[in-house]
């Protein structure tokens with residue numbers, strides 16, 4: 001079925017007709033230049049497997065275009081498929097003024113440069129995501145609300161629209177929602193639009209993340225929530241609900257919130273950029289691991305190499321989905337870091353990350369699926385671990401947790417200067433198959449940085465379930481449970497869990513942009529009760545917490561399965577002087593009711609205000 005929504009609102013995702021495209025041979029072949037092939041025997045050039053394609057600037061533009069066009073055709077509708085792929089560009093220039101390289105990015109696709117700096121790889125052309133049109137043979141009901149799971153990083157785009165029609169030539173379009181990141185980009189020569197206004201309506205988009213990028217003027221358009229962190233922007237226009245800027249040169253100021261709905265922090269209190277793979281001047285592959293920084297603003301590469309450390313690829317175990325967890329753990333115990341090549345890995349027991357400063361880096365949305373009720377990743381109570389670019393799926397047997405950082409009552413051997421960091425780590429409970437877990441993400445260590453995550457209990461999928469069946473089959477109690485102190489989250493997206501979506505028990509925590517949608521599928525009010533309280537808040541700060549900061553937060557309701565269901569509060573926090581919420585809101589998406597924004601304060605988000613948020617500028621009020 002198709003869905004509609006008033007302007008500015010978020011159309012429900014349930015019931016969208018999703019198709020799985022067949023993967024063409026062109027999209028699964030690793031494309032290597034003659035020079036790369038000749039170097040394949042070198043220990044410095046890793047075998048990244050059949051799902052990584054490496055281009056070099058000596059290849060004909062037409063050949064590169066054909067490969068990427070075939071990949072997009074295979075993946076543009078493959079929302080719940082198992083294909084994963086990374087397309088990597090060696091340093092150089094791709095496309096010309098007369099023959100630009102115009103890349104369209106589909107599901108589970110990573111596009112990345114292999115330079116030490118974003119300016120080492122230049123795309124003359126575009127890298128884009130368009131709306132999906134889901135009705136009338138693909139000509140109407142066009143939106144970006146399910147454009148998930150894609151990555152763009154570490155390159156420059158000189159926007160060139162030669163050969164495109166009038167509307168398509170007006171911007172580089174990046175119409176996406178959750179689980180999509182843009183990092184380490186240098187974009188010039190035109191406008192970047194975060195919505196696709198060239199299709200039929202409704203053109204909604206719902207969520208995204210930019211970090212460490214230098215951007216031209218940006219059109220936000222219909223994007224309902226967005227975080228831009230540690231970047232430079234030439235200008236920014238429009239905004240819907242939560243538009244948050246942290247450490248961004250050129251960011252719009254906070255003036256008259258919620259009109260416009262901008263939340264702006266001059267600096268980011270704690271940040272660490274995501275590790276990236278690159279080839280040096282001799283063609284040797286390395287992973288750059290950026291250092292953690294405090295109170296920063298702007299891009300990390302403005303004056304040279306991003307501060308941090310370089311690890312040769314020989315320091316990594318390069319894993320494929322056929323490798324067992326036993327072999328992976330044996331390599332980690334020997335002191336190796338872990339590079340997960342694209343694919344879906346069945347994980348019957350935990351991958352155990354025990355050493356400080358270990359790096360686990362996934363390419364092409366490498367996906368770990370819990371089997372036998374496992375916890376796919378366990379990170380010890382040690383400092384400096386980085387887990388990045390990994391998706392973790394619940395399996396059909398219930399897991400206690402999908403990713404755990406530190407033991408519940410562990411030693412907490414943390415370092416404020418070297419936090420364990422999770423970057424672009426995504427979680428799913430249901431969707432491609434039935435999924436069950438008690439908790440998706442559990443953080444018990446102190447000084448942990450969560451830098452962009454989407455923790456999703458699926459509201460739609462290919463499991464063959466209706467909403468009532470989904471409530472009783474795809475089980476997920478809590479999305480994120482934060483027990484450690486001094487934890488920072490920059491870009492925390494958590495949706496549809498069956499009790500509190502986020503519980504923050506640790507002291508002195510900070511969240512910069514929180515987005516939550518309550519579950520669509522409670523069958524009755526009795527199924528959605530917290531003791532005597534109607535419903536569970538989307539964001540819960542523990543009763544013993546004395547200090548907590550939230551900047552820019554939204555809780556949405558669409559109780560499609562039973563529109564009469566109430567949730568008493570969108571946010572629930574203790575009454576403590578050090579607990580402060582800045583720029584928060586609730587919104588009704590046409591079914592269900594949130595009675596108050598926070599702790600009994602704020603009007604109801606009910607069906608008289610569909611698509612119209614209820615805002616609170618500061619809680620408690622100054």
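The values are calculated or read from the model by the stated rules, or taken from the named source; none is laboratory data. Given the structure is predicted, the values throughout are model-derived calculations rather than measurements. Quick reminder, even Gly has a Cβ in these numbers, built from the backbone with ideal geometry, and neighbours come from all protein chains shown.
Here are the numbers for this structure:
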{"quantity": "Residue list for region 460-483, restricted to those being part of a loop (DSSP other than H, G, I, E, B) and buried (at least 24 other Cβ atoms within 10 Å of the Cβ)", "calculated": "474"}
{"quantity": "Options 253, 205, 211: the member that is free of Cβ contacts under 8 Å to residues at least 12 places away in the same chain and touching a strand residue (DSSP E or B) at 6+ places or on another chain (Cβ under 8 Å)", "calculated": "253"}
{"quantity": "Meets criteria (assigned by TED's automatic domain parsing to the domain that holds residue 87 and not in a loop (DSSP other than H, G, I, E, B)) for residue 169", "calculated": "yes"}
{"quantity": "Selected residue [in contact (Cβ under 8 Å) with a residue 60 or more places away in the chain and surrounded by fewer than 19 Cβ atoms within 10 Å (Cβ to Cβ)] from 413, 408, 457", "calculated": "408"}
{"quantity": "Odd one out for residue 292 among (1) more than 20 Å from the chain's Cα centre (by Cα); (2) on the phi < 0 side of the Ramachandran plot", "calculated": "(1)"}
{"quantity": "Checklist (1) touching a helix residue (DSSP H, G or I) at 6+ places or on another chain (Cβ under 8 Å); (2) in a loop (DSSP other than H, G, I, E, B) applied to residue 115, failing item", "calculated": "(1)"}
{"quantity": "Scope region 224-251; condition modelled with pLDDT of 95 or more and either touching a helix residue (DSSP H, G or I) at 6+ places or on another chain (Cβ under 8 Å) or surrounded by fewer than 18 Cβ atoms within 10 Å (Cβ to Cβ) (or both); matching residues", "calculated": "234, 235, 249, 250"}
{"quantity": "Considering residues of region 80-91 that are part of a loop (DSSP other than H, G, I, E, B) and surrounded by fewer than 24 Cβ atoms within 10 Å (Cβ to Cβ) only, the residue nearest to the chain's Cα centre (by Cα)", "calculated": "80"}
{"quantity": "Scope region 541-561; condition under 21 Å from residue 595 (Cα atoms) and part of a strand (DSSP E or B); matching residues", "calculated": "541, 550, 552, 553, 554, 555, 556, 557, 558"}
{"quantity": "Top-ranked residue in region 552-576 [being surrounded by 24 or more Cβ atoms within 10 Å (Cβ to Cβ) and in contact (Cβ under 8 Å) with a residue 60 or more places away in the chain; ranked as farthest from residue 609 (Cα to Cα)]", "calculated": "552"}
{"quantity": "Candidate set from region 202-250 (those that are assigned to a loop (DSSP other than H, G, I, E, B) and more than 21 Å from the chain's Cα centre (by Cα)); member that is nearest to residue 585 (Cα to Cα)", "calculated": "238"}
